[in-house]
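Only one structure is covered here, and it is reproduced in the block below.
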């Protein structure tokens, strides 16, 4: 069956280190993959979009990679700060003619001072 | 620009009742999507409306319905509530270009609890 997997366990990182979150998918051929941040009690906020023909995308301290062979995207936050603590969601299109995003359950990131 | 607003923010209902949730998109956005979010399940797509027409639909029973008005505001209705309908319901608006480059802007959600 079609599936998107994100690490369900919280990720604890020391402030200043690089945090790396994983998004794995099966049975899709997405053209795009998006990453969102969600804080408690709030809706997700768009961070980055990467296309299938892009290996890497950067925005300030954020970096996303997209490996269509491994069917995996990695999301990196460098020089992490306690304010980066949140749940991070990946979403991808299912590659058909209907515009519809399929979402991972998210990974909770905790940055410790 | 004002963001996406959803009302009410919190709702408690009992089984068998029905509920209507409201979403006002960002001004100028013509597409409104609805999602259900439960712990460990991620966001589950309910449906998307564009220019008052349902353009996409997820795999939810017919108890879940929606509509969009001419001003792009949208409502979602759930009839005959079940305990499993307890969730955070999120509304997202976008320009509605109809492809995955369309960034979605989410509201704060409505937390529905069914007792």
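The values are calculated or read from the model by the stated rules, or taken from the named source; none is laboratory data. Since the structure is predicted, the reported quantities are computational estimates derived from the model, not experimental observations. As a convention, Cβ positions derive from the backbone with ideal geometry for all residues, glycine included, and neighbour counts pool all protein chains shown.
Counting only residues that are within 11 Å of another protein chain (Cβ to nearest Cβ), give me the strands (runs of 3 or more DSSP E) lying completely in the stretch A:32-80 with at least 3 of them.
Of the strands (runs of 3 or more DSSP E) lying wholly inside the stretch A:32-80, those with at least 3 residues that are within 11 Å of another protein chain (Cβ to nearest Cβ) span A:32-38, A:45-51.
Considering A:73, A:8, A:85, which residue is within 10 Å of the chain's Cα centre (by Cα) and under 26 Å from residue B:90 (Cβ atoms)?
Within the list A:73, A:8, A:85, the selection yields A:73.
Okay, residues lined up against (1) surrounded by fewer than 17 Cβ atoms within 10 Å (Cβ to Cβ); (2) under 12 Å from the mean Cα position of the chain (by Cα):
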| position | (1), (2) |
| --- | --- |
| B:42 | no, no |
| B:47 | no, yes |
| B:53 | yes, no |
| B:59 | yes, no |
| B:64 | no, yes |
| B:67 | yes, yes |
| B:75 | no, yes |
| B:87 | no, yes |
| B:104 | no, no |
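For residue A:26, which of the numbered conditions (1) free of Cβ contacts under 8 Å to residues at least 60 places away in the same chain; (2) at the interface with another protein chain (Cβ under 9 Å from one of its Cβ atoms); (3) closer than 28 Å to residue B:38 by Cβ fails to hold?
(2)
Any idea which of A:51, A:37 is out of contact with any helix residue (DSSP H, G or I) (no Cβ under 7 Å at 6 or more places or on another chain) and in contact (Cβ under 8 Å) with a residue 40 or more places away in the chain?
One residue alone meets the criteria, A:37.
For residue B:72, indicate whether it is closer than 29 Å to residue B:115 by Cβ and more than 12 Å from chain A (Cβ to nearest Cβ).
no
Limited to the stretch B:89-102, what total is found for residues that are modelled with pLDDT of 95 or more and surrounded by fewer than 20 Cβ atoms within 10 Å (Cβ to Cβ)?
Residues in the stretch B:89-102 being modelled with pLDDT of 95 or more and surrounded by fewer than 20 Cβ atoms within 10 Å (Cβ to Cβ): 0 in total.
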